[in-house]
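Below is one structure, written out as structure tokens, with a few remarks after it.
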């Protein structure tokens with residue numbers, strides 16, 4: 001299978017604070033620099049490497065997802081492919097016509113009507129008027145804006161702009177289609193229509209480079225993915241594997257933020273203090289990760305200045321975005337605790353943890369015999385749960401995976 005897009009050691013550098021980048025502005029800066037005796041006292045401009053030594057290839061009829069946080073370099077790759085900017089170093093090969101949906105309404109003139117913009121965009125993409133005439137009705141029908149086609153696009157809503165832009169790009173059928181977050185706008189039915197058209201384009205040999213923070217959509221569209229961080233390629237390969245690595249890093253970053261914001265183990269009355277909260281497996285060790293359905297033992301070590309014959313425990317499982325997934329209270333389960341001095345341990349065994357994939361904490365508290373006064377509280381370090389295969393969107397996957405049985 002021939003490669004239609006290839007990056008070989010591509011890097012892109014920007015000078016922060018440099019606002020004028022035309023040829024005349026560059027010549028002017030060079031002339032002003034001539035004759036200066038010293039540049040030691042002048043502060044150097046800050047350099048930003050948006051991409052550093054990025055290499056990948058994309059075959060015909062394949063889709064590649066670019067994944068990473070904001071500022072990772074995804075949009076820079078798209079701008080290089082669309083020839084909006086040039087690389088600082090490296091080689092870029094594109095073996096065909098490129099269509100781009102990089103920014104909302106990009107390529108549209110606000111004072112021209114939808115009809116005129118269709119012809120303008122088609123001409124820019126190298127089509128003759130006769131070819132645009134032949135595909136015009138298909139573009140308008142796909143966009144679903146027939147009654148507004150002769151209205152200036154400056155009066156279009158954001159959803160209408162996306163419809164028309166995607167309609168032009170999809171119906172003209174470029175060799176390479178660049179898609180950047182534009183499908184985040186619009187209703188659900190049109191998104192499904194766009195995804196169906198993307199599948200048709202792939203079947204017809206069009207290659208697609210897809211950028212979206214919607215990992216569910218990225219996985220449904222793309223066979224391959226590139227994970228970028230700070231302009232570097234951290235991982236590439238099958239979309240599911242790359243998304244899993246990205247989500248792992250994302251959860252760990254959230255865990256560190258949450259760990260810094262949650263309160264430290266504290267003593268509220270002076271009688272008892274939670275010393276440590278451990279998350280263990282059935283063998284009594286802390287695994288690298290749990291899986292949905294594993295047994296989890298919550299082991300709480302405490303220090304007590306005196307014997308407390310009756311107390312209660314509260315255990316909350318918290319996702320790293322702060323959501324409380326569940327709360328267990330020994331008072332509700334009619335299991336009173338007797339805390340001995342000077343130290344001791346109590347445990348909560350969760351036989352079948354049904355959490356979806358992600359990072360979590362466990363927050364614990366010791367309350368008095370009537371369960372209305374907190375005596376001490378503490379928090380575990382984060383632990384990771386690997387969810388079921390193909391479970392790549394925590395926002396849609398919910399909090400837990402129920403034990404289930406299918407019947408027909």
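The values are calculated or read from the model by the stated rules, or taken from the named source; none is laboratory data. Every value quoted in this text rests on a predicted model; they were computed, and no experiment measured them. Virtual Cβ from ideal backbone geometry, glycine too; neighbours counted across all protein chains shown.
A few remarks follow.
- Residue within region 43-55 that is closer than 26 Å to residue 201 by Cβ, in contact with a strand residue (DSSP E or B) (Cβ under 9 Å, 6 or more places away or on another chain) and at pLDDT 90 or above present: yes
- Residue within region 301-312 that is under 17 Å from residue 277 (Cα atoms), within 40 Å of the chain's Cα centre (by Cα) and surrounded by fewer than 17 Cβ atoms within 10 Å (Cβ to Cβ) present: yes
- Scanning region 329-345 for residues that are without any contact (Cβ under 8 Å) to a residue 40 or more places away in the chain and farther than 19 Å from residue 276 by Cα gives 332, 333, 334, 335, 336.
- In region 185-202, the residues that are at negative phi and crowded, with 18+ Cβ neighbours inside 10 Å form Cβ pairs under 7 Å with partners that are modelled with pLDDT of 75 or more and assigned to a loop (DSSP other than H, G, I, E, B), at six or more places apart or across chains, as follows: 201/173; 202/61.
- Verdict on residue 96 being assigned to a loop (DSSP other than H, G, I, E, B), farther than 13 Å from residue 166 by Cβ and at pLDDT below 85: no
- Among helices (runs of 4 or more DSSP H) entirely within region 107-214, having at least 1 residues that are over 28 Å from the mean Cα position of the chain (by Cα) singles out 114-124, 129-143, 158-172.
- Pairing each residue of region 396-408 that is closer than 25 Å to residue 217 by Cβ with any residue that is loosely packed, with under 10 Cβ neighbours inside 10 Å and at pLDDT 80 or above, provided the two are 6+ apart or on different chains, yields no C-beta distance under 9 Å.
- Test: residue in region 353-361 that is part of a strand (DSSP E or B) and at pLDDT 90 or above: no
- Among residues of region 331-371, those that are over 37 Å from the mean Cα position of the chain (by Cα) and over 19 Å from residue 304 (Cα atoms), counted: 5
- For residue 334: the one exception among (1) in contact with a strand residue (DSSP E or B) (Cβ under 6 Å, 6 or more places away or on another chain); (2) loosely packed, with under 11 Cβ neighbours inside 10 Å: (1)
- Any chance residue 345 is surrounded by fewer than 17 Cβ atoms within 10 Å (Cβ to Cβ), assigned to a loop (DSSP other than H, G, I, E, B) and at pLDDT 90 or above: no
- None of 312, 368, 372 is free of Cβ contacts under 8 Å to residues at least 24 places away in the same chain and not assigned by TED's automatic domain parsing to the domain that holds residue 219 except 372.
- Against the numbered list (1) modelled with pLDDT under 85; (2) surrounded by 18 or more Cβ atoms within 10 Å (Cβ to Cβ), residue 405 comes up short only at (2).
- Failed item in (1) within 25 Å of residue 4 (Cβ to Cβ); (2) buried (at least 21 other Cβ atoms within 10 Å of the Cβ); (3) without any contact (Cβ under 8 Å) to a residue 40 or more places away in the chain, with residue 220 passing the rest: (2)
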